[in-house]
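Take a look at the structure below.
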Amino acid sequence: MPNLADHLFRQARERPDKIALIYEGETWTFARLADAVRRVAAGLAAAGVGSGTRVGLMTTARPDFIITQQAIFALGATLTPLNIFYKRADLAHVITSCDLEVLIMDRDFVENLPDAADCGELRGVLVFGLPTGAGRLASADGLGQTGAAIDRPVDLPETAIGMMLNTSATTGKAKGVMLSLANLRANYDRTPEWLGLNSESVILCALPLYNTFGLNQGINALMVTGGTMVLLPRFDADRCLDAITAHGCTFLPMVPTMLQRIVDHPEAETRNLSSVSRILTGAAPVPAALLERIYRVMGRDTDVMTAYGLTEASAIVTLEHITLRADGRIERPKSIGQVLPGMEVRILTDDGRPTAAGEVGEICIRGPNIMQGYYRQPEETALAIRDGWLHSGDLGYFDADGHGYIVDRKKDVIIRGGQN
C-alpha cells in the first residue's frame with residue numbers, strides 16, 4: 001500500500017549520504033531529511049494529525065516546508081499548500097471551502113488569519129517563529145524536538161486523497177482539487193522520466209512551493225529521482241547565476257520571465273552556465289529571441305521544454321521540445337506539445353463532437369491523472385468532468401502531427417505569477 005512519503009524513505013535507504021537539498025549554504029542528505037520527517041511526523045501526530053486529517057501549509061520556500069509536507073504525507077493526512085500572498089478573506093475562504101482542520105503557517109502570515117468564527121472546522125494553528133503558544137496559536141518550532149519519531153509512513157489505499165490543491169479555474173473562486181495517490185503516481189511520479197531527469201540531476205528551484213510547478217518539478221522530482229535540489233527562498237537572477245555556477249545545476253523549472261531575467265543579466269555571458277542541460281517553462285510562449293539568448297548563454301544543446309497542464313489533471317498533460325529552425329524561427333511556435341503517455345486528449349465542440357485536425361474546440365482530457373473532483377462541490381465537479389472527460393475551459397486544436405495549440409479561453413481569468 002503506497003504513501004507519498006515513500007520516495008524519500010526509499011532514497012534514505014538507498015543513498016543515505018547523498019546530498020538531497022542545499023539551502024542558504026546548508027546541506028541536507030536524504031538520511032537527514034528522512035530523520036527530520038520522522039521526528040516532525042511524531043510531533044504532528046501528538047498535535048492530532050493523522051490519516052485523513054486535512055492540513056493547510058502556509059510557509060515560505062525553505063526546508064521547513066519540505067520536511068513538514070513529507071511528514072504530513074507520512075501520517076496519511078491530506079495536504080493543502082496555501083498561497084503565501086493570500087489575504088484574510090482568501091484564507092478564510094480556503095479554510096472553510098476545504099474544511100481544513102489544522103493550519104501550519106509562518107509567523108509573518110498570522111496577521112491574515114481570520115477570526116475563529118470564520119475558520120469553520122479549524123481546530124489547531126501551529127506557527128513557525130512563535131516561541132510559545134498564545135491563545136489559539138501553538139508553536140510549530142518544537143515539532144521535531146519531542147524525542148519521538150515514527151517508524152515508517154502509514155499504508156494507504158490508492159484512493160486516499162494525498163493533496164487538495166486550490167484552483168480558481170474559470171470561476172475566480174478557489175476550489176479544492178482532490179488528487180488521490182493514484183492520480184499523483186500516474187502524473188507527478190512519471191514527470192521526471194518525461195523530462196529526462198535522474199539521480200545525477202541538480203535542480204535549481206526558485207519557484208514558490210505552494211503551487212504544482214514547485215511541488216512537482218521541484219520537490220517531487222527530487223524525491224523520485226534521488227537527485228539534488230538547490231532551493232532559493234525566492235527568485236533572484238543574481239542568486240540563480242551564483243547557484244548554477246557553484247552547484248552545477250542541470251535543470252531549471254522556470255516561467256519565461258524568470259529565464260529572461262537570467263539570460264539578460266549583465267554577467268550571464270561571462271559565467272559558466274554550461275551545466276544547464278534541461279529547462280522546463282510554461283505559463284507563456286517562449287519567444288525566439290529568448291530561446292536564442294538561452295542557447296548563447298547556456299549552450300546550443302540545452303533542451304528547452306514547455307508544457308501544458310492544469311491542477312485538475314494533476315499537472316502536465318502535454319510537452320514540447322522547443323527548437324529553432326535554420327532561419328532562426330521557432331519550430332512550431334506557440335505549440336503546447338504532444339500528449340504525454342497514459343493520457344488522452346480530445347478537442348470537442350460544444351455539442352461533444354470530436355474535431356478534425358486544425359479545428360478549434362475545447363481541450364478535454366481523460367486518464368488516471370484526472371482529479372477525484374472538487375471538494376464538496378458536486379455540481380462544479382459534474383460541470384468539469386463529463387462522461388469521464390475533464391473539460392479544461394481552454395480552446396485549442398491539434399495539428400496533423402499531434403502538436404497542440406491554445407487559442408483562447410471559454411471564460412477568462414486573470415493569471416498572476418502563474419496563479420489563477
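The values are calculated or read from the model by the stated rules, or taken from the named source; none is laboratory data. None of the values given here were measured: they were computed from a predicted structure. Note that each Cβ is placed from the backbone with ideal geometry, even for glycine, and that neighbours are counted across all protein chains shown. Note: areas computed on protein heavy atoms with side chains; ligands, DNA, RNA excluded. Shrake-Rupley method; radii C 1.70, N 1.55, O 1.52, S 1.80 Å.
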- Say each of Ala134 and Ala283 gets a label point 7 Å from the Cα, pointing the same way as Cα to Cβ; how far apart are those two points in nm? 3.3
- Task: Just the number, please: percent antiparallel of the DSSP beta bridges in the chain, rounded to the nearest 5.
- Result: 55
- Of all DSSP beta bridges located in segment 62-183, what percent are antiparallel, nearest 5? 45
- Query: Percent of accessible area on the chain owned by carbon and sulfur, 1.4 Å probe?
  - Reply: 49
- Message: If I stretch the segment between Lys334 and Arg88 completely, what's the gain in nm (0.36 nm per residue apart, minus their alpha carbon distance), one decimal?
- Response: 84.8 nm
- Task: Would you mind checking which residues have amide H under 5 Å from Gly56's amide H? H placed 1.01 Å from N; only 5 or more apart, or other chain.
- Result: Thr80, Glu101, Val102, Leu103, Ile104
- On average, how much accessible surface per residue is there in segment 223-374, in Å², for a 1.4 Å probe, leaving out ligands, DNA and RNA? 41
- Item | Potential extension, Asn198-Asp151 segment - 0.36 nm per residue separation minus Cα distance | 14.2 nm
- Item | Assigned charges on the beta-carbon of Lys, Arg, Asp, Glu; the chain dipole about Cα centre (debye) | 260
- Listed residue pairs exceeding 32 Å between alpha carbons, taken from Lys87/Lys410; Lys18/Lys175; Lys173/Lys334: Lys18/Lys175
- Query: Once mean projected area of the Cα convex hull in nm² is worked out from the coordinates, which option in [x] 21.3; [y] 20.1; [z] 17.9 does it equal?
  - Reply: [y]
- Message: Sequence gap at least 6, Cα distance under 8 Å: using those rules, report the relative contact order of segment 70-161 to the nearest whole percent.
- Response: 27
